[in-house]
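J.: My questions all concern the structure below.
The values are calculated or read from the model by the stated rules, or taken from the named source; none is laboratory data. Remember, predicted model here, so these are calculated numbers, not experimental data. FYI the Cβ positions are ideal-geometry reconstructions off the backbone, even for glycines, and counts take in every protein chain you see.
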Amino acid sequence: MKAYLSAILLLLLLAACTKEPTTEPPNGSWWGETSAFENDQPWKGKPYAVVSKEYPTRVLIAIDSVSNGYYVTKGLNFYRIPLKMGTYPVLDNPPQLRDSVERAKYYYLDQDVLYGVYKVLESDTTNAITISSYDSVSREIKGTFNVTFVPEHLPYPGAPDTIRFRNGQFHTKIIK
């Protein structure tokens, strides 16, 4: 009888520790759509954008890969992108240009735990992001991108040594 009660108590404790899933994006921020080819395979992401606190005329464009509609597994981020139409080369943030360069990173995540980082392969001259439209009233921003990454820290043994995003397109809104 004692073993039976202990088993029931253990099951109740385990059930109480189960993480409740949420269908809301981080901070309610995803808006729009993104598509590209990641290493020649179709890829879709959930985008959002925020104005840089340090550079109010520039924006962070973040694109999350998600599982089960909410669980963030990868993050593609473009930093310090000007809020005006144009094509901007994307680099890996060299220290001498840290304050003015458009840059990007690609992360492997377990929701909010970082376990792999890829940096821009600067020898690839096609690394660029293009802002094709920006509406300051609706705060919608559209554009395209191509970028190649190499590992800074591999997320797991056998992870890709190069990740190429080609024919990327995004349409999102800058959140407040």
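J.: Being in a strand (DSSP E or B) and in contact with a Phe, Trp or Tyr (Cβ under 7 Å, 6 or more places away or on another chain) is the filter; apply it to the stretch 154-169 and report the residue that is nearest to residue 110 (Cα to Cα).
T.: If we filter the stretch 154-169 for residues that are in a strand (DSSP E or B), which is where we start, we get 163-169.
Those left that are additionally in contact with a Phe, Trp or Tyr (Cβ under 7 Å, 6 or more places away or on another chain): 163, 165-168.
On the way: 163: 19, 165: 21, 166: 25, 167: 27, 168: 24 Å.
The residue in question is 163.
J.: Next up: Restricting attention to the stretch 132-149, report how many residues are surrounded by 15 or more Cβ atoms within 10 Å (Cβ to Cβ) and either closer than 13 Å to residue 91 by Cβ or among the polar types (S, T, N, Q) (or both).
T.: At the first step, the residues of the stretch 132-149 found to be surrounded by 15 or more Cβ atoms within 10 Å (Cβ to Cβ) are 134, 139-149.
Cutting the leftovers down to either closer than 13 Å to residue 91 by Cβ or among the polar types (S, T, N, Q) (or both) gives us 144, 146-149.
Adding up the residues that qualify gives 5.
Residue-by-condition table, conditions (1) under 18 Å from the mean Cα position of the chain (by Cα); (2) part of a loop (DSSP other than H, G, I, E, B); (3) modelled with pLDDT of 95 or more:
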site: 55; (1), (2), (3): no, yes, no
site: 66; (1), (2), (3): yes, no, no
site: 76; (1), (2), (3): yes, no, no
site: 88; (1), (2), (3): no, no, no
site: 152; (1), (2), (3): yes, no, no
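J.: Filter the stretch 105-131 down to residues that are surrounded by 14 or more Cβ atoms within 10 Å (Cβ to Cβ) and either assigned to a strand (DSSP E or B) or aromatic (Phe, Trp, Tyr) (or both), then give me how many there are. Before you say what the answer is, go through the steps one by one.
T.: Initially, the stretch 105-131 is screened for residues surrounded by 14 or more Cβ atoms within 10 Å (Cβ to Cβ), giving 105-109, 116-122, 124, 127-131.
Right, trim to either assigned to a strand (DSSP E or B) or aromatic (Phe, Trp, Tyr) (or both) and you get 105-109, 116-120, 128-131.
So the answer is 14.
J.: Could you please tell me which pairs satisfy a Cβ distance under 9 Å, a separation of 6+ or placement on different chains, a first residue in the stretch 35-57 that is at negative phi and hydrophobic (A, V, I, L, M, F, W, C), and a second residue that is modelled with pLDDT of 90 or more and assigned to a loop (DSSP other than H, G, I, E, B)?
T.: 49/31; 49/32; 49/139; 51/83
J.: In the stretch 146-167, which residues are of a type in the set (Val, Ile, Thr) and more than 16 Å from residue 73 (Cβ to Cβ)? Give the derivation first.
T.: Taking the stretch 146-167 and keeping what is of a type in the set (Val, Ile, Thr), we get 147-148, 150, 162-163.
Across the stretch 146-167, the qualifying residues are 147, 148, 150, 162.
J.: When the stretch 162-176 is examined, which residues are found to be modelled with pLDDT under 95 and loosely packed, with under 14 Cβ neighbours inside 10 Å?
T.: The one that is modelled with pLDDT under 95 and loosely packed, with under 14 Cβ neighbours inside 10 Å: 176.
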